[in-house]
Amino acid sequence: MPKPGGIIYAIGTQGSTMVKIGSTRTSVEKRLKILQLGEPFRLHIVARMQIDADVRQLESYVHRFLERERKRREWFDISITGDAQLADLVVRAVQYVKEPAEQKIRTRDHGSPRLEPILLGDRIRQARDRYGMSQAELARRIGVSATALNQIESGKTSDPGVSRIIGIAAILGVSADYLLGLDTPATKRPWPRTAAPVG
């Protein structure tokens, strides 16, 4: 059954580059009125884009793509001046989310998405806990010290390396996209029923 479409919109604050990027299946004007009640600054509709596909999914793609620009919830510090720019943003967001994990990790250019170490560390720890594997055991299997893995999980290592992330994903039975925060857990094999640490 196809997902209902809707509208992706950008609502901005006058005199700044802060915009809220969201979606609705009804009216952007109604969303504006609701949002204005909780904001001290005057809001206005910057852009809107009619979507025939799953509008909620496309909204999540844009939010992932703009993670570095996120300030609070669905508010981002990014300059959007009209419908064409919002449409371009949606297209680039979809392309980014669907890129192979290796390309996402390698992306380092200014103005482009990059790997978020803290999110990566959280995902590794969550997957490891659900799999029932100790930090020491995972470190041994990927060939690093427990200290090095701790640095990755705490977000203190800015670039763990493509092969290492793919290796961790394979051991824990999840996708590399999941570890990068780009997907829900897509397990390659079922997690054990027990959460008892291994080794």
Residue satisfying all of: in segment 34-67; of a type in the set (D, E, K, R) and part of a helix (DSSP H, G or I); surrounded by the most Cβ atoms within 10 Å (Cβ to Cβ) among these: GLU59
Residue within segment 150-173 that is in contact with a Gly (Cβ under 8 Å, 6 or more places away or on another chain), among the small types (Gly, Ala, Ser) and modelled with pLDDT of 55 or more present: yes
Hits in segment 1-33 - residues which are surrounded by fewer than 13 Cβ atoms within 10 Å (Cβ to Cβ) and part of a helix (DSSP H, G or I): GLU29, LYS30, LYS33
Where a residue in segment 55-77 is on the phi > 0 side of the Ramachandran plot and modelled with pLDDT of 85 or more and its partner, wherever it lies, is part of a strand (DSSP E or B) and of a type outside the set (Lys, Arg), with Cβ under 9 Å and at least six apart: none
Contacts under 7 angstrom Cβ, first residue in segment 119-145 being in the same structural domain as GLY167 (by TED's automatic domain parsing) and within 17 Å of THR157 (Cα to Cα), partner of a type in the set (A, V, I, L, M, F, W, C) and at pLDDT below 85, 6 or more apart: LEU120/LEU179; LEU120/LEU180; ARG123/LEU179; ILE124/LEU179
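The values are calculated or read from the model by the stated rules, or taken from the named source; none is laboratory data. Everything quoted here is computed from the prediction, not taken from an experiment. When we count neighbours, we look across all protein chains shown, and the Cβ atoms used for this are built from the backbone with ideal geometry, even at glycine.
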